[in-house]
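See below for the structure under consideration.
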Amino acid sequence: MALILDHVTYEYGNGTELLVRALNDVSLVIPDGQFIGLIGHTGSGKSTLVQHLNGLLKPTSGNIYYNGEDIHDRDFSKKRLRSKVGLVFQYPEHQLFETDVFTDVCFGPKNLGLDKKEVQLRAFQALKQVGLPDDCFYQPPFDLSGGQKRRAAIAGVLAMKPEVLILDEPTAGLDPKGRDEILDLVASLRKENGMTVILVSHSMDDVAEYVDRIVVMNKGSVCYDDEPKQVFAHKEELEAIGLSVPQVTDIMHALKKAGWWSADTSVITIEEAKKEILRQLRKG
Amino acid sequence: MIRDITLGQYYQTDSIVHRLDPRVKIVATLVFICSLFVVEQAAGYVAAVLFLAAVIRASHVPFRFMMRGMRAILFLLLITFFFNLFLTPGEAVFSLWKLTVTEEGITLAVKMAVRLSLLIIGSSVMTLTTTPNNLTDGLEKLLRPLQRFRVPVHEVAMMMSIALRFIPILLEETDKIMKAQMARGASFDEGNLIQKAKSMVPLLVPLFISAFRRANDLAMAMEARCYRGGEGRTKMKPLHYEKRDYVTYLVLGVYLAACIVVGRVVPWGSIL
């Protein structure tokens, strides 16, 4: 079972200005359990794309299928879709509104019409999953630190028990420690729950270590869709559209260019880079 | 979604009307509105329509944009029209059930409807051809004399421009928060009035918090640049009148005089 986008095009314009084509004939298959990095610079259409996946935006043309059903069919429940395809927006802490964290996390499951016990159980589980300390549960969400707020907001979506979790720039505005914590959290969630995860980002370093597949967006179209190593092989092309390769990959390229050795430039994580450098050193 | 709403509906193009000093446009709008209420006779309205048509022509703004403002007040227009039509005492023309239509009623209803439509179109010419910033600048300068009576003119103008500046930002924010809560299964258009009002809480709380945060940041940024109110503050682009502005004032004077003469002296019958 999977999410399928079939030739999706999305245009907007309020009738006065020129028509903007935010998505241009995008076709993607997102199989269950995959960890996907969706990369593109600002305005490339990546946020627009993910808002199509849970039916917040309706494509101008093309169809989206969830488990084989067209999500814009009249008898398809959007509410059920949104509980199955959980979307966490950028700066999720800006959407916290309840008097305490626990009640806020209850908001999602409550909207699904579950009974009170189930709602509270799910909220509790979700808060545990994101690793918030117990003494935060009944604090006002506005008293939490930046990283904690973001965890609370992610828990708000997790409490609906989605099968697909989409995170729109979950690391924006966090310090390096907060960033690593959130990314580790996402990776562990995926491992424990076997969820499909789509991580939207403009930073290759964020996604390189974790994902199975990278989809690169540029000007509303998909320009690369492959395994990380294959995508990062296109260093020049990526740089031309305002993106970069992970820093370690960049270093390997620089080493090769300086003629130090015939380094393997398909390295994408620090661990791999260490191995490769050691191998080369031993050889030399 | 909500982003489609246009407020402070400036239409960007280059025309003589766009280039006029905002003060001239504010005064012109006031004069135009006054002229509508000064005239009593049909000829006066013909003059007003011709004047407005000429200004719209000169402004290069498509006419359908003017009509957008009309759509918003269509309901109000209809209510005034029917109230005037049925509730004005006078010589009965015909009666429908308990409602009587009088000759005076017809005249008054048509007159008010024409006045209101011209008023709305006339003021939308101003907002369509002047950026909000220019508008507040013009207002500030026009109201400057009130400062002698301790009216905080600069502060009021500053508040107005901040408010105008924040409308699109907060609209975008509303859109974002709405989508985020919808992603958590919220719906904003289901149920009765009370349920609808309740469903606004998850939208309004984050919106207010973000508005306060932005206000705080802005205040800090202004302080950091030593903002201390209007005292001794100069403008980067000070307003000053050009020749075309004086000419416009002249045209306005002539128009108003013509309206008074034509609209009050020449009777209905003579043009029909």
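The values are calculated or read from the model by the stated rules, or taken from the named source; none is laboratory data. Treat the numbers as computed from the prediction; the structure is a model and nothing was measured. Ideal geometry is used to build each Cβ from the backbone, glycine not excepted, and the neighbour counts take in all protein chains shown. Side chains are part of the model used for accessible areas, which takes the heavy atoms of the whole protein and leaves out ligands, DNA and RNA. Shrake-Rupley method; radii C 1.70, N 1.55, O 1.52, S 1.80 Å.
The table that follows gives values for the structure above.
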{"read-out": "Pair list, Cβ under 9 Å, 6 or more apart: the stretch A:27-41 residue farther than 12 Å from A:Gly220 by Cα and assigned by TED's automatic domain parsing to the domain that holds A:Asp6, other residue open to solvent by 40 Å² or more (accessible area, probe 1.4 Å) and among the aliphatic types (A, V, I, L, M)", "value": "A:Leu28/A:Ile4; A:Leu28/A:Val222; A:Val29/A:Ile4; A:Ile30/A:Ile4; A:Pro31/A:Met1; A:Asp32/A:Met1"}
{"read-out": "Residue match in the stretch B:99-120 (condition: more than 14 Å from chain A (Cβ to nearest Cβ), within 30 Å of B:Lys243 (Cβ to Cβ) and open to solvent by less than 60 Å² (accessible area, probe 1.4 Å))", "value": "yes"}
{"read-out": "Residue in the stretch B:247-255 that is within 14 Å of chain A (Cβ to nearest Cβ) and either within 24 Å of B:Thr127 (Cα to Cα) or of a type in the set (Val, Ile, Thr) (or both) present", "value": "no"}
{"read-out": "Count of residues meeting criterion [part of a helix (DSSP H, G or I) and within 11 Å of chain A (Cβ to nearest Cβ)] in the stretch B:160-204", "value": "15"}
{"read-out": "The stretch B:205-226 residues that are farther than 23 Å from B:Gln181 by Cβ and within 13 Å of chain A (Cβ to nearest Cβ), paired with ones that are in a helix (DSSP H, G or I) and open to solvent by less than 90 Å² (accessible area, probe 1.4 Å) (beta carbon under 8 Å, 6 or more apart)", "value": "none"}
{"read-out": "Residue match in the stretch A:21-43 (condition: part of a loop (DSSP other than H, G, I, E, B) and either within 14 Å of chain B (Cβ to nearest Cβ) or among the basic types (Lys, Arg) (or both))", "value": "no"}
{"read-out": "Spans of helices (runs of 4 or more DSSP H) in the stretch A:47-141 with at least 2 residues aliphatic (A, V, I, L, M), more than 9 Å from chain B (Cβ to nearest Cβ) and under 20 Å from the mean Cα position of the chain (by Cα)", "value": "A:116-129"}
